[in-house]
Amino acid sequence: MGKYEELAEKIVKEVGGKENVNSLTNCITRLRFKLKDESKANTETLKNMDGVVTVMQAGGQYQVVIGNHVPDVRKDVDAVLGVLDPVTDDGPKGNLFDRFVDMVSGIFQPILPTLAAAAGMLKGVTAILSFSMGPSFAAGSTYAIFNAMGDGLFLFLPIFLGYTAMKKFGGSPFLGMMIAAALVYKGFIDGSAAKQFAETGGMHFFGIPFSIPLAGYGSTVMPIIGSTAFAAFVEKTLRKVIPDVVKLFLVPFFTTLIVVPLTFLVIGPVMNLAADLLGNGLLAVQNFNPIIFGAIIGFGWQVLVMFGMHWALIPFVLIALASGQPTSLLVGSGSVSFAQTGAVLAVLLKTKNMKLKELSIPAFISGIFGVTEPAIYGITLPKKKPFWASCIVGAVTGAIAMGLGIEVYNNGGLGIFRYTTMIAPDGSMKFVIYSVILDAAALVAGFALAYALGFDDDTETVALTKEEAKKAATGLKNSKLTKEILVTPVAGDVLPLSEAGDAAFAEGIMGHGVVVLPSKGEVVAPADGVVMTLFPTKHAIGILTDAGAEVLIHVGIDTVQLDGKYFEAFVEQGDVVKKGQKLLAFDIDAIEAAGYSTQTPVIVMNTPSYEQINVTDQQTVSGQDMLLVTV
């Protein structure tokens with residue numbers, strides 16, 4: 001286990017435990033869980049957890065957003081999960097689009113870092129060296145090695161996808177690789193087999209004619225996905241009918257014997273045709289008005305990324321690039337991260353809240369490298385106007401990028417790392433220069449528009465971290481406590497603490513205070529202060545007042561067993577609150593119908609720090625009525 005062991009254990013616990021996890025993948029900033037039952041996950045608890053930015057649920061995935069260090073967290077989460085039990089569900093839930101996004105992301109996510117950062121950027125480096133060192137370098141063996149490093153993965157892409165796709169479809173991954181290897185076998189990978197057999201009447205399988213693409217199946221995407229989907233079905237079927245004693249050998253034997261010929265005869269040609277039709281459809285929309293297309297992609301890209309829907313477009317980019325064709329399909333999204341980064345800079349310079357400033361600095365740095373989730377979830381989206389400012393600027397830069405005809409020649413990194421993808425095979429840097437200028441303009445425009453639009457800089461709504469809250473508590477505990485009037489957090493009838501239905505409260509073990517039998521299902525802050533504790537079940541909340549009182553408001557007796565049912569929280573742990581601010585809501589009738597008392601003890605937890613805790617002499621309290629006085 002690594003340094004994120006504690007965080008990993010908490011995450012696994014709050015997603016419902018190991019037994020609720022079907023599978024786990026991660027992208028650049030997120031842990032992407034497939035859960036058996038998402039309702040078992042404690043989403044609000046996860047959102048409030050230190051080390052977690054937020055939680056998203058989309059495309060059949062339960063996404064825990066961590067930040068740039070997600071690979072390290074993933075390792076510790078894997079150690080906590082151990083070997084997962086076999087998936088027993090019937091596949092992704094949700095509508096057809098959710099299922100499609102889930103399928104695509106599950107297939108491509110595992111290889112994307114290698115595909116983009118390694119292969120894509122290496123192709124860019126190869127282009128730079130070829131341009132700068134001239135024809136003699138391009139004709140040498142050094143160039144050949146660089147070219148092999150960059151092109152090797154693309155050439156044998158079906159084998160990589162054979163593994164990930166077969167795993168996604170619930171089959172044996174190495175069997176998927178074996179099927180893919182047949183597609184890229186010598187002669188089939190470059191189309192030379194078609195030329196060889198053309199002289200003898202073409203290619204046949206036991207008299208059934210078939211054909212392969214002129215460029216072969218190397219670098220293709222759709223055929224192996226279709227093939228492995230069918231192979232996983234065949235394998236599962238054979239496992240049910242073949243005796244256990246020979247299953248180990250005969251299942252892969254018959255699966256391969258059935259699937260590979262059918263791939264050459266039917267699946268491959270059909271999937272290639274489907275890929276051509278879908279790709280041409282997107283190109284038709286793009287060509288109809290590339291400027292409008294770029295504006296739409298630029299404006300909506302961050303929203304697509306937030307919900308993981310951008311994966312629906314990724315295969316078509318890879319199909320074009322793998323076939324050696326440049327593409328501009330996602331060029332409109334290129335400068336969006338810089339618009340977002342500019343908006344973060346505006347927040348950084350304009351806000352008076354030190355916590356927000358501290359969050360903005362690493363988010364700004366991440367944005368330069370194309371990773372915007374920390375900026376979106378932690379800064380601009382909560383402030384609303386900066387987020388929409390970045391979307392507007394993204395629409396403008398997307399339209400301009402498409403108007404300039406910018407294209408990419410290979411897959412690559414994000415942010416400034418994507419520049420290597422725009423170097424033309426002849427070494428031309430024209431599109432790189434265009435993009436650098438657009439990115440700089442997007443950053444400046446995102447900053448200017450977000451700064452001009454402004455945002456709500458109410459420091460009272462900005463949450464402190466648990467560590468900061470503890471420091472504040474320590475400081476107040478060490479200071480001289482003063483007299484303070486605490487207004488009632490709950491309206492209702494006042495009872496002596498000794499009448500509490502829980503002995504720990506009634507005997508004063510937890511501190512002195514009073515019981516209120518609520519007449520209204522609402523809890524408000526008894527004084528100005530900080531939310532020190534908010535139970536995940538939302539039945540109890542602790543406030544550290546500005547004068548130093550530690551006040552616990554416990555709604556109901558044994559209501560923790562309701563596990564949050566009938567309760568709603570309007571603040572988070574670490575929030576700064578004002579006297580009278582609404583903290584919780586609860587359903588009195590539903591709680592009592594479930595068999596629980598709604599008696600609400602209000603306790604001063606640090607009672608020993610005071611000489612006296614005086615209680616109101618009113619029988620009923622409401623509004624801003626005094627309930628307790630600390631002396």
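The values are calculated or read from the model by the stated rules, or taken from the named source; none is laboratory data. Keep in mind the model is a prediction, meaning the values are calculated, not measured. Methodologically, a virtual Cβ is constructed for each residue, glycine included, from the backbone with ideal geometry; neighbour enumeration extends over all protein chains shown.
Yes/no matrix, rows are residues, columns are (1) surrounded by fewer than 21 Cβ atoms within 10 Å (Cβ to Cβ); (2) in a helix (DSSP H, G or I); (3) hydrophobic (A, V, I, L, M, F, W, C):
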{"position": "Glu6", "(1), (2), (3)": "yes, yes, no"}
{"position": "Ser23", "(1), (2), (3)": "yes, no, no"}
{"position": "Phe33", "(1), (2), (3)": "no, no, yes"}
{"position": "Ser39", "(1), (2), (3)": "yes, yes, no"}
{"position": "Glu44", "(1), (2), (3)": "yes, yes, no"}
{"position": "Asp50", "(1), (2), (3)": "yes, no, no"}
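Before we move on, is Val555 in contact (Cβ under 8 Å) with a residue 40 or more places away in the chain and in contact with a Gly (Cβ under 9 Å, 6 or more places away or on another chain)? Yes: the conditions hold for Val555. Please work out if Val65 is outside the structural domain of Gln573 (by the TED database), buried (at least 16 other Cβ atoms within 10 Å of the Cβ), of a type in the set (Val, Ile, Thr) and closer than 20 Å to Thr164 by Cα. No.
Gly475 falls short on exactly one of the conditions (1) modelled with pLDDT under 85; (2) part of a helix (DSSP H, G or I); (3) within 30 Å of Leu31 (Cβ to Cβ), and that condition is (3).
Taken over the stretch 572-592, the criterion of being of a type outside the set (Phe, Trp, Tyr), crowded, with 20+ Cβ neighbours inside 10 Å and in contact with a helix residue (DSSP H, G or I) (Cβ under 9 Å, 6 or more places away or on another chain) is satisfied by Gln573, Gly574, Asp575, Val576, Val577, Ile591. Mind counting the residues in the stretch 261-305 that are touching a Ser or Thr at 6+ places or on another chain (Cβ under 8 Å) and of a type in the set (Val, Ile, Thr)? Of the residues in the stretch 261-305, 4 are touching a Ser or Thr at 6+ places or on another chain (Cβ under 8 Å) and of a type in the set (Val, Ile, Thr).
Restricting the stretch 396-422 to residues that are of a type in the set (A, V, I, L, M, F, W, C) and not in a helix (DSSP H, G or I) leaves a set whose member that is modelled with the lowest pLDDT is Leu414.
Take Leu161 and decide whether it is crowded, with 18+ Cβ neighbours inside 10 Å and not acidic (Asp, Glu). Judged against the criteria, Leu161 is a match.
The residues of the stretch 365-391 that are buried (at least 19 other Cβ atoms within 10 Å of the Cβ) and modelled with pLDDT of 85 or more, listed by number, are Thr380, Pro386, Phe387, Ala389, Ser390, Cys391.
Thr164 meets the conditions (1) touching a residue at least 40 places away in the same chain (Cβ under 8 Å); (2) under 18 Å from Ile258 (Cα atoms); (3) assigned to a helix (DSSP H, G or I) in every case but one. The failed one is (2). Residues considered: Phe299, Phe288. Of these, the only one that is without any contact (Cβ under 8 Å) to a residue 60 or more places away in the chain and farther than 23 Å from Ile225 by Cβ is Phe288.
Among the residues examined, Val285 does not qualify as touching a strand residue (DSSP E or B) at 6+ places or on another chain (Cβ under 9 Å) and either over 19 Å from Thr164 (Cβ atoms) or hydroxyl-bearing (Ser, Thr, Tyr) (or both). Scanning the stretch 507-559 for residues that are of a type in the set (Gly, Ala, Ser), surrounded by 23 or more Cβ atoms within 10 Å (Cβ to Cβ) and not in a strand (DSSP E or B) turns up Ala525, Ala549, Gly556. Filtering the stretch 168-186 to residues that are outside any loop (DSSP other than H, G, I, E, B) and modelled with pLDDT under 90 leaves only Lys168. The set of residues from the stretch 129-148 being in contact (Cβ under 8 Å) with a residue 12 or more places away in the chain and either more than 21 Å from Gln325 (Cβ to Cβ) or outside any helix (DSSP H, G or I) (or both) comprises Leu129, Ser132, Tyr143, Phe146. Taken together, Ser211, Ser219 contain a single residue that is out of contact with any His (no Cβ under 7 Å at 6 or more places or on another chain) and buried (at least 20 other Cβ atoms within 10 Å of the Cβ), which is Ser219. Note on the stretch 380-412: among residues that are of a type outside the set (Gly, Ala, Ser) and within 30 Å of Ser219 (Cα to Cα), the one that is farthest from the chain's Cα centre (by Cα) is Leu404. Checked against the criterion of being in contact (Cβ under 8 Å) with a residue 24 or more places away in the chain, crowded, with 18+ Cβ neighbours inside 10 Å and among the charged types (D, E, K, R), the stretch 423-430 contains not a single residue that satisfies it.
When the stretch 191-238 is examined, which residues are found to be in a loop (DSSP other than H, G, I, E, B), within 22 Å of Asp276 (Cα to Cα) and not small (Gly, Ala, Ser)?
Ile212, Pro213, Leu214, Tyr217, Thr220, Val221
Can you name the number of the only condition in (1) over 27 Å from Val104 (Cα atoms); (2) in a loop (DSSP other than H, G, I, E, B) that Leu250 fails? (2) is the only condition that Leu250 fails.
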